[in-house]
Every structure is written in structure tokens, then in C-alpha cells.
Amino acid sequence: MSGFSRILVPIDYAAPSSDALRLAATIARAFGGRLLVLHLLPIEVYGYAEFPLVAPDDARLEEERTRLERHVRTVLGDHAPAFKVEIGWGSPFEQIVERAAERCADLIVMGTHGRTGVKHAFLGSVAERTVRLARCPVLTVRDSAVEPAALVAARGARSETPPPAMVGALMVRDPVVVQSTDTLDIANARMLEAEARHLPVVAGGRLVGILSDRDLQPHMNVLAHTRVDAVMTPNPATVSPDAALADAAREMLQRRVRALPVVDGERLVGIVTSSDILADYALAASSWKAIAP
């Protein structure tokens, strides 16, 4: 397993997507990864007679590509990680999900405008649909101008620093597991059913490995004929439920893994992933920024 080496960042030039770009750059630098920055153009509609839809021409695409490169360098400054820009067109969430799959993205980081009510019902949420359909983790960054009422109520009641977060408070409890002697088709079915990207592997009730969806990719044509213990990562690093999330994050960075089984003594009690920690970090950062005087 590896960390976040390929991060897709959809950009619409609004403030939330710029915030998402900055966060994605921080993650890319931490994991030694690179960014794929995507901007989608609408297909122009001229009528419903003979030629209803017209895709952007080459000149327009090159102009937009130059604009996007300039935007990325402006937002990230001199400390931008390696990045590539792409211009596309069509349905936003479909294009984002397809590009992520085609480019083998490890993570999608995208801004969300936080639409509610009629606007949400009519327009839907690109971020919401992307989260539901993407095979890789999706980290959404809320519009910092939108301040939840709960955070407003919390003004004046905060301490100077947020309390440390523990793995036990964030982990997925009693995770779905797979036996080391099971075949990969069983593991794949369990991942899909549980919407999980990592499965702890057990043998005789004892943790012996961990399996990721990326471990399955080279064996998709022979899932029913390949055992879990042939492709799993054996003797995985683990973490205690009493450990600080910062320590778990540091362990993932050092080992370049995306998930840690959580054990209490010799008993498997949960699993925590890097996307869990990133989501928690993003929420905490937004919350403390929002209630800061």
C-alpha cells in the first residue's frame, strides 16, 4: 500500500476550491505526491435542432489550460508541489469520477458550496455525488464563509487550543474483516458491501495482515482463484485506541500506508484510515477558524 501519491483537485475558481487546492498541496507535500488539477467547461448549447451541443475548440482549451496553470501558481505560490492541469467538459461529477478512475487517483480533494434547500434540491451537490460514486477517498472542503450556527454559539466558550483527539473516538469499530484463506472475490464483495477500501485480515481470530482495494487491482481477472494471503500486507503496523490521532498520522506518513488496524492488547477493535484523519483535521481546522475572534 502507498500514501496519497496522486491527488485530483477539481477547480471552479471559487473560494472553496482554492481552499481545497491549498489543503491538497499540503497533503501532496507530506506524502511526496503530485496534484492533478481539473477544470471543467460546460458544453455550450446553441439549440435543440440540428446541432444542440458544441464542445470547446482547441484554442479555447489551450486558453483555459493557461488560465488554470496561472491560477494554481497564484494560489500555491513558490511552494507548490508537482502538478499537472487538465481541462474537460461535460457533467461535473461524472467527469470527476471518471478522471479519478482513469488517472488512478488516490484521493479527491474538492470544495463544496454548502447549498441547502431549493438550490440543493434543484442543482444537486457535485461533491455529494462524487463522494457516493468515487472509488477513492473524497475529502470535501466547506466554504469558509459559511459559519454553522453551532460554531457561532460556541464563541467565547473555547480554550486556547483544541483538545487532543484519540484514535478510539474516530476509528471504525468492529470493522469488516476477511480470512487469510478466503479468495479475493470474497474480499472484493465485502469491500463493496461495506464501502470500505481496507480490510483487516485474520487467521484463527488473530490479526495477520491488511488488504486494500489497490492490492486487488492486478488480480481482477483471477479474483476467484487468488487467496487473500497471497497479496495482503502481512504483519501490518497497528495503533492503540488510546493513541493520539497525530501519532497515528505520523505512523502512516513514516510507513507510507493509508490505514492502521486498531488493537486493544491482541484484540482487533477497529480501523482508522488516513482519509478519516484528514477529514477530522479539515473539520477541526474549519471549526477553530470559524469560532476564532
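Listed values, structure above:
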{"quantity": "Output for the range 204-228, where each listed residue is within 22 Å of Thr273 (Cα to Cα) and touching a strand residue (DSSP E or B) at 6+ places or on another chain (Cβ under 7 Å)", "calculated": "Leu207, Val208, Gly209, Ile210, Leu211, Ser212, Val228"}
{"quantity": "Residues (at pLDDT below 50 and buried (at least 18 other Cβ atoms within 10 Å of the Cβ)) located in the range 127-182", "calculated": "none"}
{"quantity": "Members of the range 166-183 found to be touching a Lys or Arg at 6+ places or on another chain (Cβ under 7 Å) and either of a type in the set (S, T, N, Q) or free of Cβ contacts under 8 Å to residues at least 40 places away in the same chain (or both), listed by number", "calculated": "Val176, Thr181, Thr183"}
{"quantity": "Any hit, the range 191-205, residues being among the basic types (Lys, Arg) and either open to solvent by 70 Å² or more (accessible area, probe 1.4 Å) or touching a Lys or Arg at 6+ places or on another chain (Cβ under 7 Å) (or both)", "calculated": "no"}
{"quantity": "Residue in the range 88-110 that is least open to solvent (accessible area, probe 1.4 Å), counting only those that are assigned to a helix (DSSP H, G or I) and over 14 Å from Leu40 (Cβ atoms)", "calculated": "Ala101"}
{"quantity": "Members of the range 62-87 found to be open to solvent by less than 20 Å² (accessible area, probe 1.4 Å) and either part of a helix (DSSP H, G or I) or more than 14 Å from Leu38 (Cα to Cα) (or both), listed by number", "calculated": "Glu64, Leu68, Val72, Pro81"}
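The values are calculated or read from the model by the stated rules, or taken from the named source; none is laboratory data. Source: prediction; values computed, not measured. Neighbour counts run over all protein chains shown; Cβ positions are idealised from the backbone, glycine included. Ligands, DNA and RNA are stripped out before the accessible areas are found, and what is left, the full protein with its side chains, is counted by its heavy atoms. Shrake-Rupley method; radii C 1.70, N 1.55, O 1.52, S 1.80 Å.
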